[in-house]
Every structure is written in C-alpha cells, then in structure tokens.
1. So, in the range 200-237, exactly how many residues are over 26 Å from the mean Cα position of the chain (by Cα) and aliphatic (A, V, I, L, M)?
2. Show me the helices (runs of 4 or more DSSP H) found entirely inside the range 288-379 where at least 1 residues are within 20 Å of V127 (Cα to Cα) and hydrophobic (A, V, I, L, M, F, W, C).
3. Criterion first (over 16 Å from the mean Cα position of the chain (by Cα), among the acidic types (D, E), modelled with pLDDT under 95 and assigned by TED's automatic domain parsing to the domain that holds L218) does E350 satisfy it?
4. State all residues of the range 300-343 that are small (G, A, S) and either buried (at least 17 other Cβ atoms within 10 Å of the Cβ) or not assigned by TED's automatic domain parsing to the domain that holds F208 (or both); if no residue qualifies, say none.
5. Condition check: at pLDDT below 95 and within 16 Å of the chain's Cα centre (by Cα). Does G314 satisfy that?
6. Any chance you could count how many residues in the range 194-236 are in a loop (DSSP other than H, G, I, E, B), touching a residue at least 40 places away in the same chain (Cβ under 8 Å) and of a type in the set (D, E, K, R)?
7. Mind listing just one residue for me: the one in the range 152-178 that is of a type in the set (S, T, N, Q) and more than 18 Å from L101 (Cβ to Cβ) and, of those, modelled with the lowest pLDDT?
8. Looking for something in the same structural domain as E370 (by TED's automatic domain parsing), of a type in the set (V, I, T) and in contact with a Gly (Cβ under 9 Å, 6 or more places away or on another chain) - is there at least one such residue anywhere in the range 136-147?
Amino acid sequence: MEKLNIIILGTTYPFRGGLAAYNERLARQFQNEGHDVSIYTFKLQYPGFLFPGKTQYADWDAPKDLEINVKVNSINPFNWIKIGREIKKRRPDILIIKYWLPFMGPCFGTISRIVKRNNHTKVITIVDNIIPHEKRIADNMLTKYFVKPVDGFVAMSKSVLKDIEFFDETKAKSFCPHPIFDNFGEAIPQQTALKNIGLDNNYSYLLFFGFIRGYKGLDLLLEAFADERLRNYPVKLIIAGEFYEDSKPYLDLIEKYKLNESLVLKTDFIPDNEVANYFCAADLVVQPYKNATQSGVTQICYHFEKPMLVTNVGGLPEIVPNGIAGYVVEPDPRDIADKLVDFYQNNKKEHFATGIANEKKKYLWDRMTETIYDLYYKK
C-alpha cells in the first residue's frame with residue numbers, strides 16, 4: 001500500500017476519556033502500518049457549563065510518540081475557518097473524524113467543507129452514535145450539516161449503520177466493530193489487582209465501569225444486586241466511574257436496599273494507568289444499559305479477557321454472544337439478578353474464559369484500518 005498522509009480531527013490529550021484513548025490508539029495503528037499521522041484536537045472541547053464531570057483534562061504527561069496539535073475551539077466559527085484552511089494546505093489524503101455528538105456537527109462540518117476545497121482530501125467519519133442517547137431539539141439539523149461533506153462512514157454497530165441511512169442514503173458505508181482497547185497495559189493477576197486497589201481478597205467482585213448517566217442503567221443493577229439470592233455469596237459490586245448527573249437517586253437506592261456494605265464506590269474518573277486494576281480484580285463486568293449502540297467497555301473486557309453481562313439493546317448483543325462471552329439479558333433487574341446468580345452458582349467463570357479468548361480475535365485494530373482504506377479507495 002502507498003504511504004498515506006492522515007489527519008485525525010477529534011479528542012486526544014490533553015483531554016481524557018474513551019474518545020481520547022480511541023483516537024490515540026488509532027493514530028498509533030496507522031503509524032505502525034507505515035503512514036504519516038497527525039492529530040488536531042481541542043483547546044476548548046466543551047464550555048465548562050456544558051461539561052457534566054469534574055474536569056475534562058488529563059493529569060498525566062502528553063504522549064511522546066504522537067504529533068498532537070492543540071488548536072480547535074468547538075464553539076468559535078472563526079477558529080473553524082482557520083483550522084480548516086490550515087488542514088486544507090496540508091493536503092492530507094484522509095481526514096478522519098470520530099463523531100459522537102451533534103454538538104460537534106457545526107465545528108466538524110465547517111472544517112470538513114473547507115478542507116475538501118483542496119480537491120484532494122477524503123473525509124471519513126467513524127460513528128459512535130449518529131442519533132444520540134440523550135436527544136435534543138436541534139440534533140438532526142446539526143448532524144445533517146456534519147454529514148454533507150463526508151465521503152465515507154464507518155459504523156461501529158449494525159444499528160448505527162442503519163441509523164446513518166436516515167441522514168445519507170448514497171455515500172459509502174461500512175460496519176466495523178469497536179476494536180479491542182489494548183492501550184491500558186497488560187493483564188495482571190487478580191490477587192495483585194485486588195491488592196493494588198485495597199480490596200479484600202475474601203470477596204469476589206463484579207464491576208460497573210465508566211461514567212454514570214441514566215442510559216447506563218446503574219439503577220437497574222443496584223436493584224438487581226439487592227436480590228436476596230446474591231446475599232448467599234461473598235460478592236461485592238465495584239462502581240468505578242464519575243457521576244455525570246445527580247448522584248442522589250443512586251445513593252437513595254443504595255440506602256433503600258441497604259447496599260452500603262456490598263458496594264465499593266470509586267466514583268471518580270479512573271485514570272488510564274489504573275484501569276487494569278479494576279478489570280483484573282473483577283470476575284464479571286456488568287453493562288446494564290437501557291439503550292446503547294456499542295460500548296468501549298466491552299472492548300476493554302476483551303483485552304483483559306473478562307466475561308460480560310450486557311443488555312439486549314443496540315449493538316451490544318452483536319459484540320457479546322450470549323453463553324459464549326457472557327450473558328445477554330433484558331434491561332430488567334430480575335433478569336440481571338438471575339444471570340448474576342447463575343454465574344456464581346454454576347461457576348461460569350472458566351466456561352466464559354474460553355469463549356472470550358476466541359471472540360477477541362475478531363476485534364483487532366487492523367480490521368478498522370482496513371475498513372478505512374477500503375472506503376478511501378472506493379470511487
């Protein structure tokens with residue numbers, strides 16, 4: 001393959017979180033495959049009053065192996081024009097944009113339009129969600145503005161691939177599932193992980209991981225975990241992630257069901273260098289989402305070879321085959337509780353370990369880059 005000049009436009013360091021981790025890992029994959037890669041990220045991603053967490057920023061050093069240009073202001077049209085002209089002059093072969101929120105539509109859409117005036121660059125977008133989990137009045141208008149200059153779409157779930165049709169019926173589209181998140185270090189022994197985060201090794205642990213919002217279904221999990229049958233097992237639930245909404249309804253449920261002694265609350269952002277500890281400490285990772293398209297958490301599970309319980313919504317059942325890599329259940333506390341009991345009652349940990357090891361082979365990063373190349377060369 002010819003050497004390509006690729007620019008990624010989106011979230012990376014100095015910002016933190018799954019989007020940054022994804023874009024940085026994708027950039028490294030392209031570099032490993034012999035291409036020139038640079039990243040344009042935000043100097044302002046969200047205005048402070050729109051960001052629900054405690055901070056948007058990483059508290060670790062910048063990666064030394066990536067060219068990161070911290071220049072984009074998501075709310076300043078003059079900045080969009082400036083950045084568009086700058087990237088246009090650089091004449092990348094491909095401009096890659098990871099799209100997850102209509103709020104970013106005007107910024108990304110304007111930059112893309114300007115860049116394409118060089119009559120050389122192709123714009124390819126990797127779509128997390130094209131219809132957001134939490135809908136707002138102007139969503140469709142903003143997304144339509146974004147998709148117009150796009151040349152090709154990569155959907156990370158089949159449900160999103162179908163949703164894209166609402167906005168564009170003619171341009172090239174491909175499905176490629178979220179690759180494994182293998183940038184959080186290697187797996188460590190469970191006992192070591194427990195020691196690292198100060199947990200009692202006389203208990204077994206379930207894990208809910210990631211920022212906490214209504215659609216993630218933590219309330220369903222808390223109700224399930226109150227099931228009397230689970231009291232027969234020495235098992236605790238780790239909740240590891242920052243509240244992105246009011247914590248009171250969840251704390252009220254914990255109080256209602258008297259779950260304080262059965263929970264490990266780590267409700268701050270979990271930095272990248274601590275992620276391995278939480279996944280390796282757990283027997284099973286629970287994603288009780290009420291709605292979803294796909295989830296980066298599943299791909300962290302595959303990397304650390306941890307079985308999952310996911311709900312039968314969006315693209316989650318595509319990624320976690322029921323009975324092989326874990327459980328697929330309805331978003332219902334009783335169904336969730338039934339499977340948690342089954343996991344411990346029937347010692348399913350080793351059974352799922354084999355399935356996880358086989359399934360993870362489907363989610364290598366070169367599948368994602370190959371999908372992007374196919375879209376780029378498609379006439």
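1. Looking only at that region, the number is 3.
2. Here the list reads 296-304, 316-319, 365-377.
3. Taking the combined requirement at face value, the residue satisfies it.
4. Passing the criteria: G314, G315, A325, G326, A337.
5. Judged against the criteria, G314 is a match.
6. 2
7. The qualifying residue modelled with the lowest pLDDT is T170.
8. yes
The values are calculated or read from the model by the stated rules, or taken from the named source; none is laboratory data. This one's a predicted model, so the numbers in the text were calculated from it and none came from an experiment. Note that we place each Cβ from the backbone using ideal geometry, even for glycine, and neighbour counts take in every protein chain shown.
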